[in-house]
Amino acid sequence: MRLPQPPRRPFLELPLGSLVLAVALVAAFLVEPGQGTRSGASSGAGPEDRSSVVTLDDAVPTASGLVHPGITTSSAQLAFVKQKVAARAEPWFGAFERARTSSFGSLSYTPRPVAWVGCGSGNSPDEGCTAEMNDAQAAYTHALLWAYTGDKRYAAKSIQILNAWSSTLQGHRFDTTTYKNGHLQAAWAGSVFPKAAEIIRHTGAGWASADVARFEAVLRNAFLPMVRDGWAGGGANWMMSMSEATINIGVFLDDRSVFDDGVSDWRATVPSTIYLSSDGAKPVLPPARAVKSTNLDAYWYNPTRYVDGLQGETCRDMDHVVMGLGATLQAAETAQIQGVDLFGEQQRRLTAAMEYNARYLNNPSASGWACPKPLKTIGTTVRHGWELGYAHYAGDRGVSLPQSRQYMQQFRTRAWTELHLNWQTLTHAVP
C-alpha cells in the first residue's frame, strides 16, 4: 500500500520524476516547531482566524491499513489549501469566502435532527430529509473552515451538528410506496456526514471520545444497512452514491471490511453506468438489478445508439448524470488516498463520460447526441461534480479534458455545495 497522494502536481509545477523530492520539501516546509512529523496549520487565514493550531494526523496507516484524515481530502490536501487560503490565492480564497459567508458556514447555524428520516420521491413527504442534508453540508462546511482557519468556533459548530444527529437519529424509513427515496437519502447524508466527522476527529478539534463512539454507532446502525451492497431497485446515481457512502463510512469507522465492500460495489457497478464500445453492442448489465437484455434500453432511457461516454442517465437529465458521476469520482478520490487506484482502473470510462456529457452541456446542439430528446437539466446539481475528477485526471495525470474544463470554469466563481457534491473548487481546484 502506498501513502496518500501529495498536493496536486500542477500546483508544484514539477515533472512527475521530481514529485517525491518535492513532496518531501513541501512537507518539511509545512511542519511547525514542536509539531514533529505532523503538518501544522499556519495562522492568519481568513477573517475568522483565532490562531489555533490544527494538528493533522500523520499519513500513516492504522492496523486496518487505512489512513486519516482520509475521506475526500487528505492531510496533505488540507494543509496545502490552508496555505493557499492564507495567501488569498485564487480560486481557493474566493471559494473559501463563499463557504464562510454561506448559510452553511454561519456560526449561528442551528441543527434540526429528527429520530426517523422519511423521504418520498422529490422529498414528498419530507420528514427530516432537507434538514438532514442541510445539516450534513453545514457540518462539513464548518469542518473545512476549522481546518483552513484554526478558528475553534467552526470546530465547535461542526461537533454540535454531528452530536445533535448522533444523539437523535434512529434510522431512515424506506418502502416502495411512500418513502421511496430512503436508500438514496441515506447514501447522500451517509457520504457527507463522515467527511465532516473525519476532519474533526483527526485534526485535534476536541471531539469527546464518547461522542465519537456514539457517532460511530449511528453510522453503523442508521446508515450502513441502507447503503451497503446497494439496492436492487436503484438506478445509476443511486448505486454509485451508495458505494461512496459505504467507502466513506468504512474509512471513518477504520473498518477495512466495510471499506473493501464499498470498493467492490464501485468496481462491480461502474462498468454498468458508463458505456464504452469495448463493452459490445449493449452496455454491461448492472449487478443486483432486475434488468435483462430485453429491457436494458429502457433502463438507459432509450438512447438512439450507444456511444463512448454515454452515462446511464444521460438521456434522462444531466443533473442525475452528475449525481452519479460525482459520487463515482468522489469515491475514487477517497480510495486513492487509501492507496487503491480506482481512477486508474476506470480512467478511459470515466474520462469519456466527463468529456461526452460536458460537450453537450457546453453546446447542446453539438453533433453526435445519442438521445431521442434534447438535453435536459432540472436544477443546479449539474454544476457541482466536475472539479475533483478534473483535478485528478488533468492535474495529476495530464489527461486533456477540454470540454470538462470549459464547463467547470463557468461556475467556479459560484462554487457551492449541493447534496453530496460539496465545495470541490475549495478542496480540489486546479488553476
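Net charge dipole, the chain: roughly 620 debye, given to the nearest 20, about the Cα centre with Cβ charges of +1 for Lys and Arg and -1 for Asp and Glu.
Label-to-label distance for S264 and S400 is 4.1 nm, based on points extended 7 Å past Cα in the beta-carbon direction.
Among G150, H392, T176, whose Cα lies farthest out toward the positive end of the dipole of the chain, if unit charges sit on the beta carbon of Lys, Arg (+1) and Asp, Glu (-1)? Of the candidates, H392 comes out farthest on the positive side. Here the simple spin-label model places points 7 Å from the Cα toward Cβ, and for S209 and A298 these points are separated by 5.6 nm.
What angle do you read, to the nearest 10 degrees and between 0 and 90, between the alpha-carbon axis of helix 75-86 and the longest principal axis of the chain? Helix 75-86 sits at roughly 70 degrees to that axis.
Taking packing as the residue-averaged number of other Cβ atoms within 10 angstrom, the listed peptides 100-111, 420-431 run from highest to lowest as 420-431, 100-111.
Result for the chain in a Gaussian network model with C-alpha springs under 10 Å: among Q336, Q77, Q410, the largest mean-square fluctuation is at Q410. Among P125, P283, P91, which one moves the most in a GNM of the chain with springs linking Cα atoms closer than 10 Å? Of the options given, P125 has the highest mean-square fluctuation. Accessible surface of the stretch 64-140, 1.4 Å probe: 51 percent of it comes from carbon and sulfur atoms. Modelled this way, with points 7 Å down the Cα-to-C-beta line, the labels at Q347 and T110 are 5.2 nm from one another.
Building the convex hull from the alpha-carbon atoms of the stretch 287-431 and averaging its projection over directions returns 9.2 nm².
Relative to the present Cα-Cα distance, how much length would full extension add between A87 and S277 at 0.36 nm per residue of separation? My answer for the length gained is 63.8 nm. Since only Q160, G368, V340 are under comparison, the one whose Cα sits farthest along the positive direction of the charge dipole of the chain, derived from C-beta charges on Lys, Arg, Asp and Glu, is G368.
Estimated from helices alone, the mean residue ellipticity of the chain at 222 nm is -14500 deg cm²/dmol (sum of -39500 (n - 2.57) over DSSP H runs with n ≥ 4, per residue). Packing-based ranking of 180-188, 127-135, 297-305 yields 180-188, 127-135, 297-305, ordered from highest to lowest mean Cβ neighbour count within 10 Å.
Based on the Stokes-Einstein relation at 37 °C and a viscosity of 0.692 mPa s, and on the Kirkwood radius from alpha carbon pairs, the chain is assigned a translational diffusion coefficient of 152 µm²/s. Across the accessible surface of the stretch 184-276, with the other protein chains kept in place and a 1.4 Å probe, carbon and sulfur atoms take up 50 percent.
Checking the cross-link pairs K157/K180; K82/K157; K152/K195; K180/K282; K82/K152 against a 21 Å limit on the alpha carbon distance flags K157/K180; K180/K282 as lying beyond it. In a reduced charge model with +1 at each Lys and Arg Cβ and -1 at each Asp and Glu Cβ, the stretch 316-373 shows a dipole moment near 260 debye about its Cα centre.
The values are calculated or read from the model by the stated rules, or taken from the named source; none is laboratory data. Keep in mind the model is a prediction, meaning the values are calculated, not measured. No Cβ is skipped: glycine too gets one built from the backbone with ideal geometry, and neighbour counts run over all protein chains shown. Ligands, DNA and RNA are excluded from the accessible area calculation, which covers all protein heavy atoms including side chains. Shrake-Rupley method; radii C 1.70, N 1.55, O 1.52, S 1.80 Å.
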